[in-house]
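Student: I'd like to ask some things about the structure below.
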Amino acid sequence: MLRSDLRYDPNITPRVQLRELIEAEVNMLCDDDFIALARVAMGHFFYHPDAMRRELDKMNAQETVLERWLKAAKADGKLNADDVQYAADQLRSLLKGALFWPRVMCDDVCPKLPERNKLVDETLMMFSCRYLSAE
């Protein structure tokens, strides 16, 4: 899970900070206990869609570390996003598509460190090209 103490720092380049956020997300998605818990929850909610909707609504109402960071970067003029929530969803979707869903649905193992680093680098590059201001 992302550390709750990760905060935007105007004295550190946004790219460096964003890398730390992405790495933390990748580490969470590679945690076997997290994946096991996600499978249990998905199994339960598959048969209780109303309960799943209520839980998703609660989760979506909470501001995440990533969303707080993106809002602060935008306020500092370092993020070019009209819709911070949409940008956060795009970033999470890139990572979940590569790590979460294959692990949950296909029982894939977490990639080795070189592949994980490549995923971090490529995700950072894609997101930076679209959303980060020139440094």
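Student: Working only within region 1-22, note down all residues that are of a type in the set (Lys, Arg), open to solvent by 80 Å² or more (accessible area, probe 1.4 Å) and assigned to a helix (DSSP H, G or I). Can you show your working first?
Tutor: Here is the first cut: in region 1-22, the ones of a type in the set (Lys, Arg) are 3, 7, 15, 19.
The next check asks that each one be open to solvent by 80 Å² or more (accessible area, probe 1.4 Å); those that pass are 3, 7, 15.
Of everything in region 1-22, just one residue is of a type in the set (Lys, Arg), open to solvent by 80 Å² or more (accessible area, probe 1.4 Å) and assigned to a helix (DSSP H, G or I), namely ARG15.
Student: Tally up the residues in region 23-47 that are part of a helix (DSSP H, G or I) and more than 26 Å from ASP57 (Cβ to Cβ), please.
Tutor: Step one: filter region 23-47 for residues part of a helix (DSSP H, G or I), giving 23-29, 32-46.
Next, only the ones that are more than 26 Å from ASP57 (Cβ to Cβ) stay: 23, 26-27, 32.
Matching residues across region 23-47 total 4.
Student: Any residue at all in region 53-65 that's outside any loop (DSSP other than H, G, I, E, B) and at pLDDT 90 or above? Break it down stepwise before answering.
Tutor: Pass one, region 53-65, residues outside any loop (DSSP other than H, G, I, E, B): 53-61, 65.
With the extra rule that they be at pLDDT 90 or above, the set shrinks to 65.
Yes - at least one qualifying residue is present in region 53-65.
Student: Quick check on this structure: which one of ARG39, ARG15 is touching a residue at least 12 places away in the same chain (Cβ under 8 Å) and more than 16 Å from CYS110 (Cα to Cα)?
Tutor: Numbers: ARG39 fails: more than 16 Å from CYS110 (Cα to Cα).
So the residue among ARG39, ARG15 that is touching a residue at least 12 places away in the same chain (Cβ under 8 Å) and more than 16 Å from CYS110 (Cα to Cα) is ARG15.
Student: Does ASP50 fit the bill of being open to solvent by less than 80 Å² (accessible area, probe 1.4 Å) and part of a helix (DSSP H, G or I)? Give the derivation first.
Tutor: Values: open to solvent by less than 80 Å² (accessible area, probe 1.4 Å): no; part of a helix (DSSP H, G or I): yes.
Criteria not met by ASP50.
Student: Would you kindly identify the helices (runs of 4 or more DSSP H) lying entirely within region 66-135 that contain at least 2 residues that are of a type in the set (A, V, I, L, M) and crowded, with 16+ Cβ neighbours inside 10 Å?
Tutor: Details: elements: 84-95, 101-106, 113-131.
The helices (runs of 4 or more DSSP H) meeting that bar are 84-95, 113-131.
The values are calculated or read from the model by the stated rules, or taken from the named source; none is laboratory data. As the structure is a prediction and not an experimental result, all values here were calculated from the model. Here the Cβ is made from the backbone with ideal geometry for all residues, glycine too, and neighbour counts use every protein chain on show. Protein only, heavy atoms only, side chains kept; ligands, DNA and RNA dropped before computing areas. Shrake-Rupley method; radii C 1.70, N 1.55, O 1.52, S 1.80 Å.
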